[in-house]
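Visitor: First, the structure itself, so that you have it in front of you.
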Amino acid sequence: MAAYEALYRKWRPQTFEDIVAQPHITRTLKNQIMREKTAHAYLFTGSRGTGKTTCARIFAKAVNCLHPKDGDPCLECEICRDAEAGALTDIIEIDGASNNGVDEVRSLRGNAALLPVRCKYKVYVIDEVHMMSAGAFNALLKMIEEPPPYVKFVFATTEIHKVPATILSRCQRFDFRRILPEDIAGRIQYIAEHESFSVSDAAAHRIAVLADGGMRDALSLLDQCAAVSEEIGLETVEEAVGVAGTESVYEVLRAIAAHNASAALERIDLLYQQSKDMTRFADELSQQLRSLMLLKTAPGDVSLLGAMPDDVKTLQEIAQSFTLAGILDALSAVRQCCDRMTRAGNRRMELEMTLIRLCSDFQAQKGDVQALTDRIAALEQQLAELKRNGVPAALPSAPRRDPQPKRDAPANNLQIEGKPDTSKYLPVKNWATVLERFDEVNPSVSGLLQGSDAFANDENGILLMLVKNKLFRKLFSQRDAGMLGQAAQQVLGKKYSIRFKMVETAEEQPAPADVLFQRAREQGIEVTEQESSGI
Ligand SMILES: Nc1ncnc2c1ncn2[C@@H]1O[C@H](COP(=O)(O)OP(=O)(O)OP(=O)(O)O)[C@@H](O)[C@H]1O
Ligand SMILES: [Mg+2]
Ligand SMILES: [Zn+2]
């Protein structure tokens, strides 16, 4: 049996026609070859695995092919076949990284002075050209200034900024683009049709996104997956590559939006147990925060996201529970976290610290750390006092520093006093579902709405809640109202203004301690159930 050949090698395109997603380059090269107007030196630049070396090899064949077809090599003539077998001394591939000295370039020059043996052109393909020494570049420069007419150069590099301007100015430059997820996914499906495995669309797309624009990486990932299963689905990718499911990413995003640190940490713990790659997870988190940012700023242009339709829908839902400022803040925090993770010993802890910070709503208190510390100290004192004698002292309230309302300022303007004209209001049938939705993004407030009823007035667009829990009035904020309005819109398909009215109930009042704990939670202080019921 033949030795196993990696997919990316096996499927290296043999013609320009077969190159994916670089039409601006392949079209130009084909035209030049057809018209016999090729340049004597080219510089191919662009990120890893986008087709630079591949195009250089095709070019070398095409200019020498005995029967080129529309600028592509025929692959059948003796030149094409010998070139493919690496048996042509006139096509010379040099690795710039290991032949980077002056001496190597000098011997190259000696070699270039000799006429080609069998081909029309001697083609030098110099890969990783940026690795050459300054002396080597100088020697190279002399060579490309006045090359013999039968010599062509193709330089390839991922790091164009390391190539001297003197060289750049003497080359025709082609910039290879990162390949779009859909183009990579298409290539994956094309390959799967000819191989002994199948790939689901979602899996192909996932691989494409993970590869971040590089076809070689995509095909290596595909190789890993094919080793695990003949039917490659989303789970195969997640298992084989050790990445977390996108659902995990969404879960953590929802937790950030709801300021629910424990939900975020639990998810990280789970991923850790499953040996998922924390760095990759952080990276995906930042990718999806970028998607949220784009959705907020250009909601109409979902093509920028490069995501599957289902994912777009989920992301749109998540975006509703964020403000743009919140997304930007999270994005920069997670990017910094990614940076630190590449250096840090404990990646998991880096990620956890970042998430706790993001979930703790410190943002609202930015520049106000002292005030927050004071408030926490006061709360702690209250708690201690309460434990001692069971009598709550006055709750500490947030100091008012700025004229804008705090994020947690009670939204009493949403309260309806007196008796609304109930004849125009109809009961909201799916209220329980609305609350479930709301619970996903804002569990602390949704809890206060238990046992509430809701009525909608389609004429004035008001959704009126009748609320029993006294705490609700104190804690319900504009932001909460916004989130609830969105939850209602998702379920009811209509945008309502949220209003509420307190109704009397014979049920017992919430215990003072619960009030305090609720406040403490609002401040981002962790209070466990055990502690709160122990009083
Ligand atoms: N545009 C493309 N269309 C189809 N396949 C591609 C394309 N680009 C890369 N590939 C696949 O990836 C493999 C590697 O491509 P290639 O060696 O040309 O990349 P490169 O741009 O030279 O990358 P590097 O900068 O890492 O050298 C190829 O063998 C091929 O399977
Ligand atoms: Mg290359
Ligand atoms: Zn040929």
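Please treat every number below as a calculation from the coordinates, not as lab data. Here the structure is a predicted model, which means the values were calculated and not measured. Here the Cβ positions follow ideal geometry from the backbone for every residue, glycine too, while neighbour counts run over all protein chains shown.
Visitor: What residues qualify as long-range amide H neighbours of residue 477, i.e. H under 5 Å apart, gap of 5 or more or another chain, H built at 1.01 Å from N?
Guide: Under 5 Å from the amide H of residue 477 lie the amide H atoms of 411, each far enough along the sequence or on another chain.
Visitor: Based on the Cβ-Cβ distance of residue 4 and residue 494, what FRET efficiency does E = 1/(1 + (r/R0)^6) give at R0 = 51 Å, to the nearest 0.05?
Guide: In this case the efficiency is close to 0.30.
Visitor: For residue 70 and residue 266, FRET efficiency with R0 = 60 Å and r from the beta-carbon atoms, rounded to 0.05? Write down the numbers at each step before the final one.
Guide: Working: r = 59 Å, r/R0 = 0.98.
After rounding, the FRET efficiency stands at 0.55.
Visitor: Amide H of residue 155 versus every other amide H placed in the peptide plane: which residues, excluding those fewer than 5 positions away on the same chain, fall under 5 Å?
Guide: Under 5 Å from the amide H of residue 155: 42, 43, 44, 126.
Visitor: With charges set only on the Cβ (+1 for Lys and Arg, -1 for Asp and Glu), what does the dipole of region 181-241 come to about its Cα centre, in debye to the nearest 20?
Guide: Dipole about the Cα centre, nearest 20: 160 debye.
Visitor: Can you work out the Karplus-derived ³J(HN,Hα) for every residue in region 255-266? Use 6.51 cos²θ - 1.76 cosθ + 1.60 with θ = phi - 60°, whole Hz, and x for glycine or proline.
Guide: 5, 4, 4, 8, 6, 9, 4, 5, 4, 5, 5, 4
Visitor: In whole Å and largest first, what semi-axes does the C-alpha gyration tensor of region 181-241 yield when each eigenvalue is scaled by 5 and square-rooted? Please report the intermediate quantities before stating the final value.
Guide: Numbers: eigenvalues 43, 31, 19 Å².
Listed largest to smallest, the semi-axes of region 181-241 are 15, 12, 10 Å.
Visitor: Let me ask something else. So if R0 is 45 Å, what FRET efficiency would residue 177 and residue 429 give, r being the distance between their Cβ atoms, rounded to the nearest 0.05?
Guide: 0.30
Visitor: If you average 1/r across every pair of different Cα atoms in region 223-306 and take the reciprocal, what Kirkwood value do you get, in Å?
Guide: Result for region 223-306, one decimal place: 14.1 Å.
Visitor: Check residue 454: other-chain or 5+ apart residues with amide H under 5 Å from its amide H, H built from backbone geometry?
Guide: HN-HN under 5 Å from residue 454: 428, 466.
Visitor: Under the Karplus relation 6.51 cos²θ - 1.76 cosθ + 1.60, θ = phi - 60°, what is the ordered set of whole-Hz ³J(HN,Hα) values for region 46-62, x standing for Gly and Pro?
Guide: x, 6, 4, x, 10, x, 5, 4, 4, 5, 4, 5, 5, 4, 4, 6, 4
Visitor: GluC sites (Glu not before Pro) within region 407-484: which are DSSP loop residues with at most 12 other Cβ atoms inside 10 Å?
Guide: Those satisfying the criteria are 417, 459.
Visitor: Just in region 207-240: which GluC sites (Glu not before Pro) are loop by DSSP and have at most 16 other Cβ atoms within 10 Å?
Guide: Here the sparse-neighbourhood loop sites are 230.
Visitor: What does the net charge come to around residue 69 if you take all other residues with beta carbon closer than 13 Å to its beta carbon, with K and R at +1 and D and E at -1?
Guide: Residues close to residue 69 contribute a combined charge of -3.
Visitor: If the viscosity is 0.890 mPa s and the temperature 25 °C, what translational diffusion coefficient in µm²/s does Stokes-Einstein give for region 7-176 when Rh comes from Kirkwood over Cα pairs? Write out the running numbers ahead of the final one.
Guide: Values: Rh = 16.0 Å.
After rounding, the answer is 153 µm²/s.
Visitor: Then there is this: Give the separation of the Cα centroids, region 27-96 to region 146-171, in Å.
Guide: Value for the Cα centre distance between the two parts: 16 Å.
Visitor: Let me ask something else about it. State the answer as a single residue: which of 351, 323, 291 lies farthest towards the positive end of the charge dipole of region 246-360, with beta carbon charges of +1 for Lys and Arg and -1 for Asp and Glu, about the Cα centre.
Guide: 351
Visitor: Something else now. Looking at region 414-482, which trypsin sites (Lys or Arg not before Pro) are in a loop (DSSP not H, G, I, E or B) and have at most 15 other Cβ atoms within 10 Å?
Guide: Those that pass, being in a loop and sparsely packed, are 429.
Visitor: If you don't mind, another one. Per residue of region 202-216, what does 6.51 cos²θ - 1.76 cosθ + 1.60 with θ = phi - 60° give for ³J(HN,Hα)? Whole Hz please, x for Gly and Pro, Karplus curve as stated.
Guide: So the J values, rounded to whole Hz, are 5, 5, 4, 5, 4, 4, 4, 5, 4, 6, 6, x, x, 6, 4.
Visitor: Right, next: Please compute the length gained on full extension between residue 196 and residue 444, using 0.36 nm multiplied by the number of residues separating them and subtracting their Cα-Cα distance.
Guide: Working it through step by step, the gained length comes to 84.2 nm.
Visitor: Okay, moving on. Measure up 296/470; 10/30; 61/142; 424/468; 52/313 against 28 Å on the Cα-Cα distance and list the ones that go over. Present the calculation step by step, with values, prior to reporting the outcome.
Guide: Numbers: 296/470 35 Å; 10/30 23 Å; 61/142 26 Å; 424/468 22 Å; 52/313 36 Å.
The pairs that break the limit, which is 28 Å between Cα atoms, are 296/470; 52/313.
Visitor: Would you mind checking region 156-181 for residues with the amide N under 20 Å from a putative spin-label position 7 Å along Cα→C-beta of residue 47?
Guide: 156-163, 174-181
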